[in-house]
Amino acid sequence: MTNSPAADQTGKIVAWYDRHHRDLPWRISPPMAVRGIRPDPYRVWLSEVMLQQTTVQAVKSYFALFTAKWPTVTDLAEAETEDVMKAWAGLGYYARARNLKKCAEAVAFSHGGRFPDTEEGLKALPGIGDYTAAAIAAIAFDRPAAVLDGNVERVISRLHAVDAPLPGSKPLMRALVAKMTPGERPGDFAQAMMDLGATICTPRRPACALCPVNGSCTALASDDPERFPVKAGKKEKPVRLGAAFVAVDETGAVFLRKRPGHGLLGGMTEVPNTDWTARQNGATGADAAPFDAAWHDCGTVVHVFTHFELRLTVFRSRVGRATAAGHVAGPGWWEPEESLAGEALPSVMKKAIAQAIPDAFQPRLRSQAAMQSRG
DNA sequence: TAAACGTGGGG
DNA sequence: TCCCCAAGTTT
């Protein structure tokens, strides 16, 4: 009998995966997977959440840290939220970390410590949307779920030369993936599509000569593959201005405080700073400081967020702790310099602190260098 | 439906 | 330097 074109492509892609798959810390690669060895759903879930809008390279060290610190979903559920935020610091999109903890608690305390094994059950959990639910169902539970992420969108849009722009064309693409998804090894098929998109069917300069389905790719045959997927135009980034205040006491400790538990950088730690506004209105200078001190202008750091660019003027002051205690507005604490690097500081805050104290995050390096230069 | 939500790397 | 983007979800 003759396979359908979709099934033919599926077979070629899975065969390609068997030879060219990436070995990743959270993955059970063939031939182990073919023997029915399933990956730990906890590790699959953790990796999938970390990988949302985030590169494999960036995720690797965080995945190692999390699985060493919290080997099971129950360990994570019983952890202090603050420790989870500290461990997530630097990875970005911090709502993921907040939802990660909530999801772990739901699984540990409401689902008997086991993840639901269906798309529907998974999608009901915090931080798990269409993609992640399908990915976990397919990879961890061998369900023939239609897994559609950015990689798969690229592969599918090129195979079928989908002219309609994203995200409107998502339902069409999901239907096209569903048609290709096999009853056997659906998890390996999903991972094969993602590996194909990541290593062959790349956004720019795709390696079509090496593609297992280059014989049936509409974009390659009739057009420029790089033209796909078609996306809606992006908006330009507004600039916001603000000021940050790095107060250092006589021991080198830095005054820190906590951000609200929602919104931008929600639940993360910060140095005191002003609102970030569109226009310089006079409130972004040293006069906006959280308490009176001799504030020294350390210059500006630029940090680009998803939807705006921030230009932060950084001020530093040397403050006697006893003196400052009575003048500090609002709650906060003095963080010793040796433990500063372990705080739940997002990158923009580390950047601001480093602007004021260049070696703030290398106190050991500093003393080692001093020792060596003397030795 | 559109906007909010981080970061670092690569062309 | 600048722009794109990388295994999306929530509101």
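The values are calculated or read from the model by the stated rules, or taken from the named source; none is laboratory data. In this text, all values refer to a predicted model and were calculated from it rather than measured experimentally. We place every Cβ from the backbone using ideal geometry, glycine too, and count neighbours over all the protein chains shown. Accessible surface areas use protein heavy atoms only, side chains included; no ligands, DNA or RNA. Shrake-Rupley method; radii C 1.70, N 1.55, O 1.52, S 1.80 Å.
The table below lists the values:
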quantity: Residue in the range A:93-101 that is touching a Ser or Thr at 6+ places or on another chain (Cβ under 7 Å), open to solvent by less than 40 Å² (accessible area, probe 1.4 Å) and within 11 Å of DNA strand C (Cβ to nearest atom) present; calculated: no
quantity: Tally of residues being exposed (fewer than 15 other Cβ atoms within 10 Å of the Cβ), within 25 Å of A:D117 (Cβ to Cβ) and either at pLDDT 95 or above or within 25 Å of the chain's Cα centre (by Cα) (or both) across the range A:23-55; calculated: 2
quantity: Residue in the range A:72-91 that is in contact with an Asp or Glu (Cβ under 9 Å, 6 or more places away or on another chain), small (G, A, S) and farther than 25 Å from A:L264 by Cα present; calculated: no
quantity: Subset of the range A:107-134 that is acidic (D, E) and either near DNA strand C (Cβ under 9 Å from one of its atoms) or part of a helix (DSSP H, G or I) (or both) - its residue that is surrounded by the fewest Cβ atoms within 10 Å (Cβ to Cβ); calculated: A:E120
quantity: Residue match in the range A:131-138 (condition: over 30 Å from A:A6 (Cβ atoms), out of contact with any strand residue (DSSP E or B) (no Cβ under 9 Å at 6 or more places or on another chain) and polar (S, T, N, Q)); calculated: no
quantity: Residue in the range A:277-285 that is open to solvent by 20 Å² or more (accessible area, probe 1.4 Å), within 30 Å of the chain's Cα centre (by Cα), hydrophobic (A, V, I, L, M, F, W, C) and farther than 30 Å from A:K12 by Cβ present; calculated: yes
quantity: Boolean, A:A104 is in a helix (DSSP H, G or I), assigned by TED's automatic domain parsing to the domain that holds A:Y42, surrounded by 21 or more Cβ atoms within 10 Å (Cβ to Cβ) and within 14 Å of DNA strand C (Cβ to nearest atom); calculated: yes
quantity: Hey, A:F141 away from DNA strand C (no atom under 11 Å from the Cβ), open to solvent by 40 Å² or more (accessible area, probe 1.4 Å) and touching a Pro at 6+ places or on another chain (Cβ under 8 Å) or not; calculated: yes
